[in-house]
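The structure under discussion appears below in the form of structure tokens.
The values are calculated or read from the model by the stated rules, or taken from the named source; none is laboratory data. Please read these numbers as outputs of a predicted model, since none were measured by experiment. Here the Cβ positions follow ideal geometry from the backbone for every residue, glycine too, while neighbour counts run over all protein chains shown. Remember, those area values only see protein heavy atoms, side chains included, never the ligands or the DNA or RNA. Shrake-Rupley method; radii C 1.70, N 1.55, O 1.52, S 1.80 Å.
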Amino acid sequence: MPFALYSPMTFTLRIPGPGFFLGLVTILLACALPHSALAQQDNRLLRIAVYPHQGFTRVNLSFQSPPDYTLRALPGRVRLEVRGADSPSFKKLRSLNDKQLAGVTTSELRGVLSVSIPLRVADAGVQVVDCANPSVLSLDIGPGVKRAARVDIAPGRAPILSGTERFVRDFDADPGGVPFAPTDGKVLKGLLPEGEALLFQQGESLLYRDRAEEAINVFSMFTNKATAPKALACYRLGEALERLGRHQDALSYFRQGEGLWPQYLEQAPELLQPYSDALARTGNFPAARAMLLRLMNRYVGTPYQAELLNRLADLIERNGHKEAALAMYRSVVVYSAGSPAAGRARLKLADRELFTLSRDRYRELLAKYQAVYQEPGDPASRDEALFKMTLLLSLYASPKEALETVVTYDRRYPRGIFSTIIKKMREEILFPVYQETAAAGNDQGLVQLALDNREYLARCFGDPGFAERVSQAFEKSGATAKELELFGYLQQKNWAGGSAPFLVARMVDDAVALGNVPLAEATARDFLSRFPRDPHLGRVREQLGRLAFERGDLPGAAAQLAFLGGKGAKAQLPESEYYLGKALAAAKDHGGAVRSLSRFTTAAKRDDPFLPDGYFTLATALAAGKDYQRALAACQVGGSIASGEVSGQFLYKTGELQLQLGEVRQARASWDKAAGLGGAWGRLASEALNDLNWRMKIAGQLP
């Protein structure tokens with residue numbers, strides 16, 4: 001069906017009857033039908049409190065649980081709709097003695113509670129005030145809070161909106177039109193030698209493949225030729241420069257080409273398309289529109305007619321004639337159904353709702369974008385439709401659904417035109433997903449979330465407790481090797497810099513737990529050089545002390561752990577005091593060994609495998625300092641928790657200490673008991689007992 005264009009400001013169609021207008025009215029009515037909200041009543045408005053202020057009135061609405069609401073500022077009133085809620089009548093509030101409000105009324109229909117607040121002033125604004133209690137919705141109403149309306153998105157999605165709204169509004173999608181057409185080869189051969197004609201065609205090939213910078217270099221070689229070749233080069237230079245956004249330079253070359261060979265625009269009318277773009281972008285809207293209409297007249301009755309009508313609609317919309325553009329897009333949808341042009345037009349129509357709809361209606365708009373994506377069309381429109389479906393879900397859907405959609409898009413188009421902004425959206429939506437997963441205590445889910453999205457955790461690291469919470473999840477899930485690999489990646493990222501000391505310290509712990517001694521030592525020394533004053537320094541040095549002790553380097557262990565003897569120092573790993581005490585005892589520093597081992601035996605749990613030897617070494621160090629009484633006490637406590645042959649060791653040592661204290665009878669009893677246990681210590685106890693008996697017999701002290 002051909003299009004007819006009459007005046008610069010109006011557009012109509014030659015149609016056989018009023019079907020188009022009837023269809024248009026039907027569509028408008030269908031779009032205007034309210035969306036029914038069917039929800040189960042699981043919330044209740046318990047209390048309404050009104051507090052007058054200078055310039056506004058605050059209304060606090062206390063609910064049984066956090067409300068799922070939509071706030072609307074209507075002429076003369078404010079309306080709050082709460083899904084899945086009901087309330088008492090609150091009859092006393094229907095008339096208020098307030099400067100701003102004329103009352104508060106409530107009503108409930110099909111599970112939606114409506115709170116209506118008539119206004120006494122004409123120039124009132126409304127805003128929601130954050131409260132510590134999420135079940136209390138606080139509204140400030142009055143001229144003092146008047147401001148631009150906010151988009152009704154899901155709570156916590158403001159960073160996504162602020163990061164995408166301007167980009168989407170300013171995004172200049174290809175409106176479609178006549179495709180690029182190379183210069184007729186016969187024309188070129190008639191104007192240029194064969195070699196130069198081939199070079200010109202190579203430039204056009206570069207232009208066709210969107211390599212405009214290279215094409216400019218080629219066409220510039222022809223600007224010193226005769227009139228006709230120079231004119232062709234000017235036209236192509238104008239086209240290439242327009243693609244690069246250099247509109248003023250492009251217009252200059254188009255005009256130069258037209259001045260040299262104006263008739264060529266009739267032979268190659270597709271050049272009118274970039275020419276009109278250059279005019280429009282440099283502010284000459286009437287000339288741009290006239291040139292585009294001239295082009296459209298050449299393609300009446302062809303498949304490009306609808307594409308060019310989209311282009312005209314885009315042009316006039318950018319110049320403020322939104323309603324006329326709207327009518328054109330609708331015409332393309334009706335009369336070119338199923339075509340790529342119709343897909344572009346449907347995108348434009350849907351975009352008008354993108355940042356204006358309420359949360360309860362976003363699924364309707366989602367379906368419109370989904371229809372564009374599912375129908376055959378040009379890849380750019382389908383990509384844009386999928387991106388806007390992803391954006392909608394990121395702004396309105398549950399965090400997990402939004403994340404799944406963003407991840408799907410990112411995998412499908414990792415380097416697409418929207419890839420950068422999609423990655424930012426993924427970073428933002430990860431944060432509420434992390435919060436939900438952590439609050440639910442889902443450690444396995446938290447581990448998987450971090451592993452699957454490790455490149456996108458920048459926003460999550462804005463939470464100071466994120467790294468520690470994720471580490472706890474890895475520990476509870478037993479995924480030590482995975483934590484080591486992930487933290488090794490994250491500690492290199494600038495956006496995780498604030499948590500880098502913790503991440504590297506955990507890598508040391510993980511490497512020790514996995515028995516990877518070279519990696520543990522290398523990572524620990526890297527920590528010491530990068531973070532010499534970090535609070536995690538002590539723990540890392542304790543791990544180095546442990547590694548030195550386990551390979552038999554007792555002086556090295558003592559050097560790393562010496563800080564534990566300082567004032568206020570406290571071991572983060574209980575065994576560290578044991579390693580230090582053993583190392584000091586081996587170095588004959590009995591006083592230091594006693595202090596360290598005393599701290600260890602006091603703090604250690606009863607089932608600590610090092611505890612019996614800790615008591616024995618403590619007793620030995622005390623005895624070396626001739627503090628036999630305390631040594632005996634340590635030996636007796638250690639013996640009470642020892643078992644097997646170790647018990648014999650404690651009994652033998654107890655006998656020695658008792659003998660030093662002159663408690664001969666008690667020493668004989670201890671050795672006698674040890675001898676009864678057998679084993680190496682039992683034999684030593686038997687020999688000591690025999691020797692004691694012999695000496696006492698010689699001294700005449702035996703009965």
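Run the numbers for Glu401 and Glu213: contour at 0.36 nm per residue of separation, minus the present Cα-Cα distance, in nm.
On the way: separation 188, 0.36 × 188 = 67.68 nm, distance 4.22 nm.
Here the answer is 63.5 nm.
The label-point distance for Asn516 and Glu645, in a model that sets each label 7 Å from Cα toward Cβ, rounds to 3.7 nm.
On average, how much accessible surface per residue is there in the stretch 316-381, in Å², for a 1.4 Å probe, leaving out ligands, DNA and RNA? The partial results should precede the final answer.
On the way: 2870 Å² over 66 residues.
Result: 43 Å² per residue.
Computed from backbone phi with θ = phi - 60° and the Karplus coefficients 6.51, -1.76 and 1.60, the 3J(HN,Hα) list for the stretch 689-697 is 5, 4, 5, 5, 5, 5, 5, 5, 5 Hz; x is used for glycine and proline.
Calculate, for the stretch 209-258, the solvent-accessible area per residue in square angstrom, rolling a 1.4 angstrom probe over the heavy atoms of the protein chains.
Working: 2320 Å² over 50 residues.
That works out to 46 Å² for each residue.
The slack in the chain from Val664 to Trp694, taken as 0.36 nm per residue of separation less the alpha-carbon distance, amounts to 9.5 nm.
Whole number in Å², please: accessible area per residue of the stretch 510-554, 1.4 Å probe, ligands, DNA and RNA not counted. Before the final figure, lay out each step's value.
Working: 2300 Å² over 45 residues.
For the stretch 510-554, the solvent-accessible area averages 51 Å² per residue.
Centroid-to-centroid, using Cα positions, the stretch 240-305 and the stretch 636-703 are 111 Å apart.
Using a probe of 1.4 angstrom, how much of the accessible area of the chain is carbon and sulfur, in percent? Answer for the chain is 53 percent, counting heavy atoms of protein chains only.
Protection proxy ranking for 412-422, 563-573, 505-515, using the average of other Cβ atoms within 10 Å per residue and placing the highest first: 505-515, 412-422, 563-573. In this calculation the C-beta distance from Ala633 to Glu687 is compared with R0 = 35 Å, giving a FRET efficiency of 0.85.
Where in the stretch 622-648 does the amide nitrogen come within less than 17 Å of the point 7 Å from the Cα of Leu677, taken along Cα to Cβ? 632-648, by backbone N distance to the label point.
Rounded to the nearest Hz, the phi-derived 3J(HN,Hα) couplings of the stretch 492-508 under the Karplus curve 6.51 cos²θ - 1.76 cosθ + 1.60 (θ = phi - 60°) are 8, 8, 4, 6, 9, x, x, 9, 4, x, 5, 4, 5, 4, 5, 4, 4, where x marks glycine and proline. Cross-link reach is defined here as a Cα-Cα straight distance under 19 Å, omitting same-chain residues fewer than 8 places apart; for Lys189 the lysines meeting it are Lys225, Lys230.
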